[in-house]
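The structure appears below as structure tokens.
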Amino acid sequence: MLSWLADQMIEEAMKRGEFDDLPGKGKPLELEDLSHVPEELRSAYKLMKNANIMPEELTLRQEMLTLSDLIAACQQDEERLRLRKKLDEKTLRLNMLTAQKDWSSNSAYNRYESKIRQRLTGW
């Protein structure tokens with residue numbers, strides 16, 4: 001019953017042209033690659049990202065994944081060393097945050113920790 005009412009209200013708003021000037025109208029959707037986020041956490045991740053309240057841990061992990069990809073593609077030894085140093089710094093910061101928050105007792109963290117570490121280290 002409630003979904004029918006919502007559909008009716010949306011149809012009436014469309015007839016009045018209330019959706020005609022929305023940003024992005026007529027443009028393709030920009031889909032985001034969330035393959036690095038476990039499926040059951042994607043909604044929460046997207047909500048937090050859209051609200052611009054990403055925890056430092058998630059930002060660090062994202063930066064670490066990018067650095068890992070750059071290191072794998074890097075052809076120059078000096079640049080690879082510089083990138084590896086940045087990755088080590090971010091890994092250390094993430095480990096410090098993890099220790100501060102005592103995530104070892106968090107069941108969700110324990111469930112995904114190995115997957116996260118595998119992706120970051122490539123093994």
> Taking the chain, how many lysine pairs are there with alpha carbons less than 28 Å apart, if each pair must be eight or more places apart or span two chains?
Replying inline: 22
>> Of the candidates Ala73, Ala108, Ala13, which one comes out as most mobile in a Gaussian network treatment of the chain with C-alpha springs shorter than 10 Å?
In response: Ala13
> Based on the inverse mean of 1/r over its pairs of different Cα atoms, what is the Kirkwood hydrodynamic radius of region 48-92, in Å?
Replying inline: 11.3 Å
> With θ set to phi - 60° and the Karplus curve 6.51 cos²θ - 1.76 cosθ + 1.60, what are the ³J(HN,Hα) couplings of region 83-94 in order, to the nearest whole Hz, using x for Gly and Pro?
Replying inline: 5, 5, 4, 4, 5, 4, 5, 5, 5, 4, 4, 5
>> Over the chain, what is the relative contact order in percent, taking alpha-carbon pairs closer than 8 angstrom and at least six residues apart?
In response: 19 percent
>> Can you compute the modelled spin-label distance between Ser35 and Asp20, with each label point 7 Å from Cα toward Cβ, in nm?
In response: 4.2 nm
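Is it possible to state the helix-based mean residue ellipticity at 222 nm for the chain, with each DSSP H run of 4+ residues giving -39500 (n - 2.57), the sum divided by total residues, to the nearest 500 deg cm²/dmol? What is it? Walk me through the intermediate numbers first.
Values: 5 runs with 81 residues, N = 123.
Estimated from H runs of four or more residues: -22000 deg cm²/dmol.
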> If you work out log10 I(q)/I(0) by the Debye sum over Cα atoms at q = 0.12 Å⁻¹ from the coordinates, which of [x] -0.72; [y] -0.66; [z] -0.50 do you get?
Replying inline: [y]
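Of all accessible surface on the chain at a 1.4 Å probe, what whole percent is carbon and sulfur?
Details: 5550 of 9940 Å².
Here carbon and sulfur together make up 56 percent of the probe-accessible area.
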> Roughly how many whole Å is it from the C-alpha centroid of region 1-42 to that of region 76-103?
Replying inline: 38 Å
> Given a Förster distance of 25 angstrom, what is the FRET efficiency for Asp69 paired with Ser105, based on the Cβ-Cβ distance and rounded to 0.05?
Replying inline: 0.20
> Once you put a point 7 Å from the Cα of Asp77 and another 7 Å from the Cα of Tyr112, both along the Cβ direction, what distance in nm separates them?
Replying inline: 3.9 nm
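Work out, step by step, the length gained on full extension between Met48 and Arg93: first 0.36 nm times the residue separation, then minus their alpha carbon distance; give nm to one decimal. Show your work: numbers first, answer last.
Details: separation 45, 0.36 × 45 = 16.20 nm, distance 2.11 nm.
Additional length available on full extension: 14.1 nm.
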> Among Lys46, Lys85, Lys27, whose mean-square fluctuation peaks in a Gaussian network model of the chain (Cα, cutoff 10 Å)?
Replying inline: Lys27
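In Å², and per residue, what accessible area does the chain have when probed at 1.4 Å with the other protein chains present?
Values: 9940 Å² over 123 residues.
It amounts to 81 Å² per residue over the chain.
The values are calculated or read from the model by the stated rules, or taken from the named source; none is laboratory data. Everything numeric here is computed off the predicted structure, so don't read it as measured data. Note: ideal-geometry Cβ built from the backbone for every residue, glycine included; neighbour counts use all protein chains shown. Remember, those area values only see protein heavy atoms, side chains included, never the ligands or the DNA or RNA. Shrake-Rupley method; radii C 1.70, N 1.55, O 1.52, S 1.80 Å.
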